[in-house]
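The structure appears below as structure tokens.
The values are calculated or read from the model by the stated rules, or taken from the named source; none is laboratory data. Given the structure is predicted, the values throughout are model-derived calculations rather than measurements. FYI the Cβ positions are ideal-geometry reconstructions off the backbone, even for glycines, and counts take in every protein chain you see.
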Amino acid sequence: MTPHGEIPTQPVTLTMSEHEPYSVSQLLVRLRQAVESGMDKVTVVGEIGSCKMASSGHVYFTLKDASAQLNCVFYRYQAVACRVQLHEGMQVEIIGRATVWEGRGALQFVVDRVREAGVGSLQQQFEQMKRRLQAEGLFSPERKRPLPRYPESIGLITSPVGAVIQDMRHRLEQRAPWVRAYLLPVQVQGRGAEHGLARALQMWSEPERYGLPPVDFVILARGGGSLEDLWCFNEEELARAIAACSVPVVSAVGHETDFSIADFVADFRAPTPTAAIELTTPDAAALEQMLGERELTLRKQVARAVETAQLRLLAVERSKLRAPLELLAPYSQRLDELQEQLRDSCNERMQEEQHRLDLYTARLQVGRLRVVIDGARGRLQAAQKALRASAKARVEQWGARLRVCEEQLTAASPAHALKRGFALVRTENGQLLRRAQDAPAGTKLRISLSEGELAARTEEQG
């Protein structure tokens, strides 16, 4: 059926025998059964005529158009959640079922939901509220507070029953089981729900005063629904409570396409309650991967430092130096400095990574992650011990080779040969003599001994 068209129902035949008379009550029961079985739930558009609320809370009104009217009843348990204030002359769309009220023998329409026809007043109120609060600066990005990257505790403000709290709890256990979550149960739908939501935010602004645990931020959460269902999140009282909250507020109301005033005022907006958990907590699997990558990077850096020291030592060993005893001394000293720097650098880096590892271990207080981290720490300590032993052995090895080179160069030095009784014979102009025929008779000579020089002159050779 369409709101403005004919109702496509099949005709219902009342089979009644004229030989078996019915009482009035029996007839009305048969009529009610026929009406209810022959028509599904429908939407009807019209103008409210008379309208009154009984002491029971039920609302009775007539719905009319140019040529007919319909008696309607809006029972209290449905009416309390309705945000539309019914009054005479209002154009509305009502959703419900037709029946027969046996007490008066009259056709009656039992209303489930009511909304204004056309652009409703709720949408108009929403736009007006949005413009006013935006002008006051409550939506300004400058007042938004960042969320901690690694939260330790979260406050949840939502209904204690339903799929929302269960989905959030399961997702948190899967993603970040070490994060503590505390639920402050509230009503998230119906008239007056905004008072409870605002009160919950006020309580978590002063947790010690109200006996609540401190949290890093709070999440306002509710599943999807109509504009009327979500209207408590558009109330000014709740918007100002979000702005005044001492901890950051995450709004996770409705589905991805639903927007409320709370979304604009909150420090962070999540499209769904489950997404709020995913967007505000770290992933345990990603943390484990990051620790592994940090360990691999540290190993590579230490290996490169050792390789660089080895290359520098080889370069010193292969150099052809004219004065080895003097020039090798600075490199030997430099080798000592490199050894000390390598040891200090390794200790400093190991301490820094150990500190980070301890920090992550303290946060990831779950069995499986603790085992992984303890294993990583053991491997890191073993690598540290092996690296130190390897570095010490390498330095000692290259020191021994350097001492052997020094001894060999000392043995090959001309000064050492002079100490063993040899002498260097040069001409007057400093040319070294290796053959007697290079110095004819009368050549002036200088003879260098281990201690001092002698002057001489050649005579004729025999």
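Does region 188-203 contain at least one residue that is of a type in the set (Gly, Ala, Ser), touching a Cys at 6+ places or on another chain (Cβ under 6 Å), over 30 Å from residue 85 (Cβ atoms) and not in a loop (DSSP other than H, G, I, E, B)? No; the residues of region 188-203 include none that is of a type in the set (Gly, Ala, Ser), touching a Cys at 6+ places or on another chain (Cβ under 6 Å), over 30 Å from residue 85 (Cβ atoms) and not in a loop (DSSP other than H, G, I, E, B).
Rundown of residues vs (1) among the aliphatic types (A, V, I, L, M); (2) out of contact with any Gly (no Cβ under 7 Å at 6 or more places or on another chain); (3) under 19 Å from residue 125 (Cα atoms), yes/no style:
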site: 178; (1), (2), (3): no, yes, no
site: 228; (1), (2), (3): no, yes, yes
site: 239; (1), (2), (3): yes, yes, yes
site: 262; (1), (2), (3): yes, yes, yes
site: 266; (1), (2), (3): yes, yes, no
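Does region 50-67 hold any residues that are closer than 21 Å to residue 115 by Cβ, modelled with pLDDT of 85 or more and in contact with a strand residue (DSSP E or B) (Cβ under 9 Å, 6 or more places away or on another chain), and which are they? Talk me through it step by step, then tell me what you get.
Residues of region 50-67 that are closer than 21 Å to residue 115 by Cβ, as a first pass: 50-53, 57-65.
Cutting the leftovers down to modelled with pLDDT of 85 or more gives us 50-53, 57-64.
Correct list: 50, 51, 52, 53, 58, 59, 60, 61, 62, 63, 64.
For region 75-104, a residue qualifies if it is among the small types (Gly, Ala, Ser) and at pLDDT 85 or above, and the qualifying residues are 96, 98.
The combined condition, being part of a helix (DSSP H, G or I) and in contact with a Gly (Cβ under 9 Å, 6 or more places away or on another chain), is not fulfilled by residue 417. Within region 60-95, the set of residues being within 21 Å of residue 191 (Cα to Cα), touching a residue at least 40 places away in the same chain (Cβ under 8 Å) and not charged (D, E, K, R) comprises 74, 80, 81, 82, 84, 90, 92, 94, 95. So, of the residues in region 1-46 that are assigned to a loop (DSSP other than H, G, I, E, B) and modelled with pLDDT of 80 or more, which turns out to be farthest from the chain's Cα centre (by Cα)? Per the criteria, the residue is 21.
Every residue, every condition in (1) assigned by TED's automatic domain parsing to the domain that holds residue 339; (2) closer than 30 Å to residue 306 by Cβ; (3) out of contact with any helix residue (DSSP H, G or I) (no Cβ under 9 Å at 6 or more places or on another chain), yes or no:
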site: 378; (1), (2), (3): yes, yes, yes
site: 383; (1), (2), (3): yes, yes, no
site: 392; (1), (2), (3): yes, yes, no
site: 397; (1), (2), (3): yes, yes, yes
site: 404; (1), (2), (3): yes, yes, yes
site: 407; (1), (2), (3): yes, yes, yes
site: 427; (1), (2), (3): no, no, no
site: 440; (1), (2), (3): no, no, yes
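Scanning region 240-259 for residues that are more than 20 Å from residue 154 (Cα to Cα) and at pLDDT 90 or above yields one hit, 240. Just to be sure before I move on: is residue 426 surrounded by 10 or more Cβ atoms within 10 Å (Cβ to Cβ) and in contact (Cβ under 8 Å) with a residue 12 or more places away in the chain in the structure I sent? Judged against the criteria, residue 426 is a match. The set of residues from region 427-446 being part of a strand (DSSP E or B) and under 10 Å from residue 456 (Cα atoms) comprises 427, 444, 445, 446.
Of 194, 237, 228, all but one fail to be closer than 23 Å to residue 130 by Cβ and surrounded by fewer than 16 Cβ atoms within 10 Å (Cβ to Cβ); the exception is 237. Scoring residue 142 on the criteria (1) exposed (fewer than 12 other Cβ atoms within 10 Å of the Cβ); (2) part of a strand (DSSP E or B) leaves a single failure, condition (2). The residues of region 400-446 that are at pLDDT 80 or above and under 26 Å from residue 336 (Cβ atoms), listed by number, are 400, 401, 402, 403, 404, 405, 406, 407, 408, 409.
Where in region 208-298 are there helices (runs of 4 or more DSSP H), lying fully within it, with 1 or more residues that are within 25 Å of residue 173 (Cβ to Cβ), touching an Asp or Glu at 6+ places or on another chain (Cβ under 8 Å) and touching a residue at least 60 places away in the same chain (Cβ under 8 Å)? Explain how you work it out, then say what you get.
Values: elements: 236-244, 261-265, 273-280.
Counting at least 1 such residues, we get 273-280.
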